[in-house]
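Readers should treat all values here as calculations from the given coordinates under stated rules, not as data from a laboratory. Bear in mind the structure is a predicted one, so any value in this text is a computation, not a measurement. So basically every Cβ, Gly included, is an ideal-geometry build from the backbone, and we count neighbours across all protein chains shown.
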Amino acid sequence: MLWKFYKHDPDICSYLMGTMHLATKEAYTYADIAKKYILKAAVYAGEMNLGESVDEDLTSFFLSPGGKLFQENFRPKVYKKYQTLVRKCYDISLDDYKRYTPFYINNLLAEAALPAVYHQPLDQYLWEFAVHNNRITTGVESLRDQIDILQNIPMDYQIKAFRDNMKNIKAFRHKLLSINAMYADGQYRQLYKSTQKSMGKIRNLMIYDRNKKMANAIIRMSDEKSSFFAIGAAHFAGNKGILAFLKKEGYKIKQITH
């Protein structure tokens, strides 16, 4: 999940790392090697600038538009069934999140499905390590970029995704555990395939369009200073992935294992 890339001289390079927004044991598989190479770079760039989010109540951006309540997306009998299922499996009350979008609730359940071993997600941990070690910190995307993307996910897609997860909640958890294991095993190609398949009609919005924009930002920033880029692991593989884009621009890429 870690690469160096350069145009001519391998000693004049920057670094790429695939990350997870999770606090599982598997998510931290590459944390120590990441810290080693963060210290070799002048700049640490997360997928987004986490410094921008310090004074923001991020959950406010996931409130349902027009004040629509979550349960209004379903027939009362169906919603009651979902309530019971989620409380039984995750000890979470859907009524506590009735003002939020299905996308937000889906993410909440995904995090609850995976056992947190550490007190913060990997991407936050690496950001704080970079700050503590006086690296210049920034984001490949801005907070506004990410919010605009998430708020453009069609509501019908969000509702369908939630319904699908509720149809087979064991399969939902199994899929998450599988992605978690793929990450620990360094299977970034399989992780990408699984993620892009699950995205369906929003894969352009969530993956492909962002890959191109992020790759351009990576090139611009790495031309200025040696940088360490920490980006979600699903963005690297495939012929529209960040690695392919950099190769097309003439960069050499070498995987780092130690």
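Annotations
- Subset of segment 91-128 that is more than 29 Å from Gly66 (Cβ to Cβ) and either of a type in the set (Gly, Ala, Ser) or in contact with a Lys or Arg (Cβ under 6 Å, 6 or more places away or on another chain) (or both) - its residue that is surrounded by the most Cβ atoms within 10 Å (Cβ to Cβ): Ala113
- Selection within segment 139-171: residues that are in a helix (DSSP H, G or I) and acidic (Asp, Glu). The member of this set that is surrounded by the most Cβ atoms within 10 Å (Cβ to Cβ) is Asp145.
- Scanning segment 178-217 for residues that are charged (D, E, K, R) and either over 14 Å from the mean Cα position of the chain (by Cα) or under 19 Å from Leu143 (Cα atoms) (or both) returns Asp185, Arg189, Lys193, Lys197, Lys201, Asp209, Arg210, Lys212, Lys213.
Yes/no per residue for (1) touching a strand residue (DSSP E or B) at 6+ places or on another chain (Cβ under 6 Å); (2) free of Cβ contacts under 8 Å to residues at least 40 places away in the same chain; (3) hydrophobic (A, V, I, L, M, F, W, C); (4) over 14 Å from Ala45 (Cβ atoms):
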site: Asp96; (1), (2), (3), (4): no, yes, no, yes
site: Phe103; (1), (2), (3), (4): no, no, yes, yes
site: Asn107; (1), (2), (3), (4): no, yes, no, yes
site: Ala110; (1), (2), (3), (4): no, no, yes, yes
site: Leu114; (1), (2), (3), (4): no, no, yes, yes
site: Asp123; (1), (2), (3), (4): yes, no, no, no
site: Asn134; (1), (2), (3), (4): no, yes, no, yes
site: Ser142; (1), (2), (3), (4): no, no, no, no
site: Ile147; (1), (2), (3), (4): no, no, yes, yes
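- Scanning segment 119-127 for residues that are within 28 Å of Leu205 (Cβ to Cβ) and in contact with a Pro (Cβ under 9 Å, 6 or more places away or on another chain) turns up nothing.
- Those residues of segment 129-138 which are buried (at least 16 other Cβ atoms within 10 Å of the Cβ) and under 18 Å from Ala31 (Cα atoms), in sequence order: Phe129, Ala130, Arg135, Thr137
- Yes/no for Ile202 being hydrophobic (A, V, I, L, M, F, W, C), touching a His at 6+ places or on another chain (Cβ under 8 Å) and part of a helix (DSSP H, G or I): no
- Enumeration of residues in segment 76-95 that are under 17 Å from Asp164 (Cβ atoms) and either over 28 Å from the mean Cα position of the chain (by Cα) or not hydrophobic (A, V, I, L, M, F, W, C) (or both): Val78, Tyr79, Lys81, Tyr82, Tyr90
- Scan of segment 28-47 for residues that are crowded, with 22+ Cβ neighbours inside 10 Å and touching an Asp or Glu at 6+ places or on another chain (Cβ under 9 Å), ordered by number: Gly46
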